[in-house]
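The values are calculated or read from the model by the stated rules, or taken from the named source; none is laboratory data. Predicted, not measured: the structure shown is a model, and the values here were computed from it. Don't worry about glycine lacking a Cβ; one is built from the backbone with ideal geometry, like all the others, and counts go over all protein chains shown. With ligands, DNA and RNA removed, areas are computed over all heavy atoms of the protein, side chains included. Shrake-Rupley method; radii C 1.70, N 1.55, O 1.52, S 1.80 Å.
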Amino acid sequence: MPGASEIALAEAEHRRVRAPQALLDTTLDQLRTLVVVHEAGTALAAARLLGREQSSVQKQLDTLNRNFRELCGEPLVLKQGRGKSALFTGTGEALVERARDTLDDWLDVVTDSRRRVGGSLRVGTTRFTLGFLTPAVERVAAGFRADGIDLKVVHLRTRNLLEALRANEVDLVCGSTLTHVGANPAGLDVLEWRRSGLTLVTNLDRRLVPGPAVRAAGLPRLPLIVAGSGLVAEFLRGWYGADYRGLLNVAAEVDDVRYGLELLSSGLLHGCMLVTRGVAEAAADGRLPDGRGLRILDVLGDLEPRLEVLVGAFARAGELGQHDADHPLNRLWAALTSRHDEWRAERPTSG
């Protein structure tokens, strides 16, 4: 049985090992409090946001003021009258700005570490590929919950999809991207669901546009509704150059596809809206109610460069191979692959 001196030495060593972590925890908590006071205006408002007593918040401010007065000759926060917002000194403002960066960096490290070891997974999806993702997520959800894995699904616009993946904001994305025919985006692993060109949704009479398809080279003669950004704009820029608006008959430019469908279905504008195949199918099957009654026409890509929309799941190149099969990224990728195989079996003639 250890003697009193051995116990005392063990306790001292334990305190020595824990001291740096305790100091780090205290410092981070003080910095967080300082930032919240700066944003909330008063110690009382900050205490409410933090779920603490005002005296606790004020004690941390007093400690920081005392320390920085000794270090720099100036406190961080000057007390104002009762109910007035705290007045931050120059030193205080500088520290708040640095504290925000420090806390953001710290959270990034924690988040990246959890994702690396499989404690969390962030998946990005567009509205029109949520239907592909949902069945796969349902297959792994129970296992993820049992293993304590935090799964977050983030809605992304198509124009931000691959950018978010490459910036490590998400671990996997489901959506669409513009490519040259047969090509894959660089630096990514791809689970291809399908490739397609553009589609026209129109309320024009069949005598004006008989269908079932129109040539891309014939688009300039049609009154068009086009999106200001995204895949359609990239298509048009690739085919007609940066000044495509001056070369096409642009009847309206919209930021939201639903607004374009409303214009057509209301009859306020007669023309054609360029959309991706996924949007056209959503309009045709009722997922976009404003598209009911409108005709759907394929656009034949007879212009150079040969472009197409690639729809699928995307991960950073090589990352799947860095983890074992039990890692959540690989588990979800396998579920997506399985679901896709089933989908192809159900629709053997789909493009």
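Along the Cα→Cβ direction, 7 angstrom out, place labels at E319 and R98. What is the inter-label distance in nm?
Placing both labels 7 Å along Cα→Cβ, they lie 3.3 nm apart.
What is the helix-to-structure angle for 4-40, meaning the angle in degrees between its Cα long axis and the longest Cα principal axis of the chain, kept from 0 to 90 and rounded to the nearest 10?
Once rounded, one gets 50 degrees.
To test your reading of the geometry: what angle, between 0 and 90 degrees and rounded to tens, separates the Cα axis of helix 231-240 from the longest principal axis of the chain?
Once rounded, the angle reads 50 degrees.
I'd like to check one number: the per residue accessible area of the chain, probe 1.4 Å, reported in Å² as a whole number.
Here the per-residue accessible area is 54 Å².
How do I149, I225 rank by accessible surface area computed with a 1.4 Å probe, from largest to smallest? Write down the numbers at each step before the final one.
Values: I149 25, I225 0 Å².
Sorted by accessible area, descending: I149, I225.
At what distance in nm do the modelled label points of T26 and L49 sit from each other, each positioned 7 Å from its Cα along Cα→Cβ?
Placing both labels 7 Å beyond Cα along the Cβ direction yields 2.5 nm.
Could you tell me the distance between the Cα centroids of the range 192-213 and the range 68-93, to the nearest Å?
Comparing the Cα centres of the range 192-213 and the range 68-93, I get a distance of 65 Å.
Give me, ordered by chain and number, the residues 5 or more places off L198 or on other chains with an amide H under 5 Å from its own placed amide H.
Long-range HN contacts for L198: V299.
Classify the range 186-343: rounded, prolate or oblate, from the alpha-carbon gyration tensor (a ≥ b ≥ c, eigenvalue square roots; a/c under 1.5 rounded; otherwise prolate if a/b is larger than b/c)? If you can, show how the numbers build up before the last one.
Numbers: a/c = 2.53, a/b = 1.84, b/c = 1.37.
It is prolate, given that a/c is not under 1.5 and a/b is the larger ratio.
Could you give the nm distance between label points at R237 and A146, where each point is 7 Å from its Cα heading toward the beta carbon?
Computed distance between label sites R237 and A146 equals 4.7 nm.
Expressed as an acute angle from 0 to 90° and rounded to the nearest 10, what is the orientation of the C-alpha long axis of helix 257-266 relative to the principal long axis of the chain?
Between helix and principal axis, roughly 40 degrees.
For Cα Rg over 2.2 N^0.38 Å, the choices are (i) 1.24; (ii) 1.40; (iii) 1.31; which was calculated from the structure?
Calculated Cα Rg over 2.2 N^0.38 Å: the matching label is (ii).
For the full complex of protein chains and a 1.4 angstrom probe, list S176, S265 by accessible area with the highest value first. Can you show the working numbers first?
On the way: S176 20, S265 60 Å².
Putting S176, S265 in descending order of accessible area: S265, S176.
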